[in-house]
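A short worksheet on the structure shown next.
The numbers here are math on the coordinates, done by the rules we state, and not lab data. For clarity, every value in this text was computed on a predicted model and none was experimentally measured. With ideal geometry, Cβ positions are generated from the backbone for all residues, glycine too; neighbour counts draw on all protein chains shown.
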Amino acid sequence: MNTITILWVDDEIDMLKPHILFLEDKKYKVVTCKSGQDALEALDENQFDIVFLDENMPGLSGLDTLNEIKSREPALPVVMITRSEEETIMEEAIGSKIADYLIKPVNPNQILLSLKKTLEHSRLISEKTTSNYQQEFRKISMDLSMVNSYEEWADLYRKLISWELRLEEIEDSGMFEILESQKIEANNQFGKFVDRHYPDWFGKGEGPVMSHTLFREWVKPELEGQQTLLVVIDNLRYDQWVSFEDVLSPFYKKVKEQPYYSILPTATQYARNAIFSGLMPLDMEKKYPQWWKNDTDEGGKNLFEDKFLEAQLKRLGLNLEWEYFKISSLKQGKQLAQNFNSQKKNDLTVIVYNFVDMLSHAKTEMDVIKELASNDKAYRSLTQSWFKNSPLLEIIQKARSLGMKLIITTDHGTINVKQPSKVIGDRETSLNLRYKTGRSLSYEAKDVLEAKDPKKIFLPSLTMSSSFIFARNDLFFAYPNNYNHYVSYYRNTYQHGGVSLEEMIIPFVVLMPR
């Protein structure tokens, strides 16, 4: 490893000789200066890894020297050392992006800790994270063989997400590959669990909160006593929520976060209509045939969400002033953001935001998005970047200024599909890549969860002999005709409709304005 070179700037540098000898004994190289001007000249002539800078010096002050250093070498870490505990000095130094702030008198171990924290932060975190995951690996593997309830699956999935986010930040790609294999195994076991238990979830009190019970069970109790903004971000995975959660923290404080389960198929026309209607698709078809459309019906499948919501609010006895918006373009988002103050008269404002869904479709269709979202890490990063710069964040900021409670949720998640599974159906078979409904379906039984009698899971049938199949794991359905082209076009794209942790276990979050 190359020797780390420190520039230490202090007008009383001679009194710090013991500290310097201590660092040199630890194999650091220390260059000293007695003034800010000397330090700037030293920076012009040499390369340094870090600067220790006294705040109170005659001539060019520590803060002025700091500003000069940052204007010349913005990435060079600077540790400010001062006798003063004045808050204004701390704030100014922190505002200038110092790496650390130490109060005199300092001892050698404080200096050493600051060095390690600043310069070896990534390596130390990497080593500790790897060590911790190695210990956790066995426990997760044991959990995978024992988990047998929807609560335990939700907890395990969130644990896997937590480790994924931690491991992707470190340099040990080997550990990340091990986690990826655990995720594949988890989805294998989860598919078997859903296959065994999903039909039972519709018995009274048997199952988790799902799409059709979400509003009644979790949204309704939050609507008492405070104006509320409910945002349904289409196609939002749990890890994507975690990736932009921090962006909200200056404006809102999280008071509740609960995973809930999307119904099958994990597709917009089924899951989101179920949220707003409070009904399963079979019941929607029976009760509201004018609003429900099956896969093969012409026209948009989610055109009546506001009608479904209005009917549900009446059924629940909620006499509210409310308004519903669907945002599918930047222009619509900006327009709502500009006019959002008009919502202060409403008890409930509901926004369906379609960007993440559009992003997943764009990844399928546009090469540039395939490059930008080539894997889950990049997909999360792209979602975070969108959210930071979106009209939705501006809307949320305005909701906070109006004192509104904020609820963020989604209708289903999505999964990066890797492996094709051959399926054959007639021309009436639905087109989705992760589920199919129709008659005379031919498929690999090991690759799917079958629903030969859709009514048992409260899904409508296209014909008397229609069935549903749902892809497991990261599979996607491909027809034998033009098979190779089809596979190469859709492999490594984000799809939804099937059975996976990513698609089914999704966030419900309640936040209060700061």
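Descriptive notes on the structure:
- Table column - 3J(HN,Hα) (Hz), the stretch 380-392, Karplus curve with 6.51, -1.76, 1.60, x for Gly and Pro: 4, 4, 5, 5, 4, 4, 4, 4, 4, 10, 9, x, 4
- Listed candidates (i) 92, 52, 41; (ii) 73, 55, 40; (iii) 96, 64, 46 - label of the one calculated as Cα extents along the principal axes in Å: (i)
- Near Val31, the amide H atoms lying under 5 Å from its own belong to Ile6, Leu7, Trp8; only residues 5 or more places off or on other chains count, and H is placed 1.01 Å from N.
- Per-residue Cβ neighbour rank within 10 angstrom, fewest leading, His412, His19, His212: His19, His212, His412
- Sites listed here are GluC sites (Glu not before Pro) in the stretch 412-495 whose DSSP assignment is loop and whose Cβ has at most 12 other Cβ atoms within 10 Å: Glu444.
- Ordering of 225-233, 137-145 by burial proxy (mean other Cβ atoms within 10 Å per residue, highest first): 225-233, 137-145
- Each helix, a run of at least 4 DSSP H residues, gives -39500 (n - 2.57); summed and divided by the residues of the chain, these come to -13500 deg cm²/dmol at 222 nm.
- Packing-based exposure ordering (other Cβ within 10 Å, fewest first) of Glu164, Glu68, Glu152: Glu152, Glu68, Glu164
- For the peptides 235-245, 183-193, the ranking by packing is 235-245, 183-193, with the highest mean count of neighbouring Cβ atoms within 10 Å listed first.
- Pairs exceeding a 22 Å alpha-carbon distance, out of Lys293/Lys326; Lys220/Lys301; Lys192/Lys452; Lys287/Lys455: Lys220/Lys301.
- Dipole axis of the chain (+1 Lys, Arg; -1 Asp, Glu on Cβ), positive-most option in Thr409, Leu160, Gly299: Gly299
- Cα gyration tensor, the stretch 1-84 - rounded (a/c under 1.5), prolate or oblate: oblate
- With Cα atoms, 0 to 90° folded angle of helix 150-167 axis to the chain main axis: 40
- Each peptide in 277-283, 69-75, 53-59 receives the mean, over its residues, of other Cβ atoms within 10 Å, and ordering these scores from highest gives 277-283, 53-59, 69-75.
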